[in-house]
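To keep things clear, I will list the structure first and then write my remarks on it.
The values are calculated or read from the model by the stated rules, or taken from the named source; none is laboratory data. Keep in mind that this is a model prediction, so the values were computed, not measured. Using ideal geometry, Cβ is built from the backbone for each residue, glycine included, and neighbour counts are taken over all protein chains shown.
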Amino acid sequence: MGDTSKLQPAPDAYSVVTGAAGFIGSRLALKLRESRGPSHPLLLVDDLEFFSTRLCCDAFRDMRGLKFLSPADFLNEMERGGLRIREIFHMGACSRTDEMRESYLAENNTRYSERVWKSAIAGGYPLYYASSAATYGNGELGYVDDPALIPQLKPMNPYGWSKQRFDQFVMGEIAAGHGPAHWAGFKFFNVYGPGEDHKGSQATAMLHAFTQFSQTGKMKLFRSHKEGVADGCQQRDFVYVDDVCRTMLSFSDHRHTPGIYNIGTGRARSFLDLTRAAADAMGVEHKIEWIDTPERLRAHYQYFTEADLTRLRAAGYTAPFLTLEEGARLAWSEWKASHPS
């Protein structure tokens, strides 16, 4: 991308996206530009190296009015009042569900977010942040985003706990009357779509399906290790990344009721459904190779997730979500265009 330090701040207030070199953050930045216009100033926050090395950031090369900051520099600049900010979309965090360093997650996912929250209040900025469906753990309390249930949730891994603790912090702040000008948190379910290439093993099954069907003609799926659940019938709420972006932008544009909300389709689908949707989008045969779930993952593995959208709809967001089949076709179209054979 060249020397990002030479980019000059735009004259108007920035829409900030942290984690802007990540999967969802980079997509959100692109959708912000589409929604707000080509001259709308964006401040993109992430490890600066990522902006020049990740495929999902290629589109930023031809954009004007962008400013780039590292997470540490952004926080320092914001806390000293050195930035003109319109709104903050806080996507930045460690998103690896297999990260086991609790101190690292506490610093990068929880304490950093707390400082962003407090700075948003001090500056009078709206704040919209990424939580996670990982906070629901094994789903023993269901997948209802009732704020009264948040203190009772028991995530199954340190990543989920890092998100849970920030949600609890937010609830405590709101109860004490301390909140940004407008705010919302979003429990993302299984987000898939273009821009995941850098995620490696943490990429969604949709990307793995595209690459494996392309390279080997078959898809590897985990066997079920839970009684009553057939192989491939583990279910998740798979939601297309553009639907996630549209939801967040709608909260900013229309000031829907503040709160912490689920973002999913509201319908659980199996991994067999997903791989079949991918194969159909690609026009290839649906072949599966079964493999055992690694021992280290079994204790943390969610066999079912499904977003309850009752509160999201009541808050004012009523747009439909793409089906798995629709999303697979869109994702394959973009993936194929960016990965010429």
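If you go through segment 77-97 one residue at a time, do you hit one that is of a type outside the set (Val, Ile, Thr), over 30 Å from His254 (Cβ atoms) and touching a residue at least 24 places away in the same chain (Cβ under 8 Å)?
Of segment 77-97, the ones of a type outside the set (Val, Ile, Thr) are 77-84, 86-87, 89-96.
Next, only the ones that are over 30 Å from His254 (Cβ atoms) stay: 80, 94, 96.
Checking which are touching a residue at least 24 places away in the same chain (Cβ under 8 Å) leaves us with 94, 96.
Yes, the conditions are met somewhere in segment 77-97.
Quick one: which of Arg236, Arg298, Arg255 is surrounded by fewer than 18 Cβ atoms within 10 Å (Cβ to Cβ), modelled with pLDDT of 95 or more and basic (Lys, Arg)? Spell out how you get there, then give the answer.
Details: Arg236 fails: surrounded by fewer than 18 Cβ atoms within 10 Å (Cβ to Cβ); Arg298 fails: modelled with pLDDT of 95 or more.
Of the residues listed, the single one that is surrounded by fewer than 18 Cβ atoms within 10 Å (Cβ to Cβ), modelled with pLDDT of 95 or more and basic (Lys, Arg) is Arg255.
Residues in segment 134-163 that are part of a helix (DSSP H, G or I) and either more than 13 Å from Tyr261 (Cα to Cα) or modelled with pLDDT under 95 (or both): Ala134, Pro151, Gln152, Pro158, Tyr159, Gly160, Trp161, Ser162, Lys163.
Conditions tested, residue by residue: (1) in the same structural domain as Leu44 (by TED's automatic domain parsing); (2) among the aliphatic types (A, V, I, L, M); (3) touching a helix residue (DSSP H, G or I) at 6+ places or on another chain (Cβ under 7 Å); (4) closer than 17 Å to Val17 by Cβ.
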site	(1), (2), (3), (4)
Met91	yes, yes, yes, yes
Ala120	yes, yes, no, yes
Pro126	yes, no, yes, yes
Ala134	yes, yes, yes, no
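Of the candidates Gly65, Gly92, the single residue that is buried (at least 17 other Cβ atoms within 10 Å of the Cβ) and on the phi > 0 side of the Ramachandran plot is Gly65.
On the given criteria, is Ala176 exposed (fewer than 15 other Cβ atoms within 10 Å of the Cβ), without any contact (Cβ under 8 Å) to a residue 24 or more places away in the chain, over 23 Å from Glu289 (Cβ atoms) and assigned by TED's automatic domain parsing to the domain that holds Leu55?
Values: exposed (fewer than 15 other Cβ atoms within 10 Å of the Cβ): yes; without any contact (Cβ under 8 Å) to a residue 24 or more places away in the chain: yes; over 23 Å from Glu289 (Cβ atoms): yes; assigned by TED's automatic domain parsing to the domain that holds Leu55: yes.
Considered against the rule, which asks whether it is exposed (fewer than 15 other Cβ atoms within 10 Å of the Cβ), without any contact (Cβ under 8 Å) to a residue 24 or more places away in the chain, over 23 Å from Glu289 (Cβ atoms) and assigned by TED's automatic domain parsing to the domain that holds Leu55, Ala176 comes out as yes.
On the given criteria, is Met91 closer than 20 Å to Ile263 by Cβ, at pLDDT 90 or above and not small (Gly, Ala, Ser)? So Met91 passes the test.
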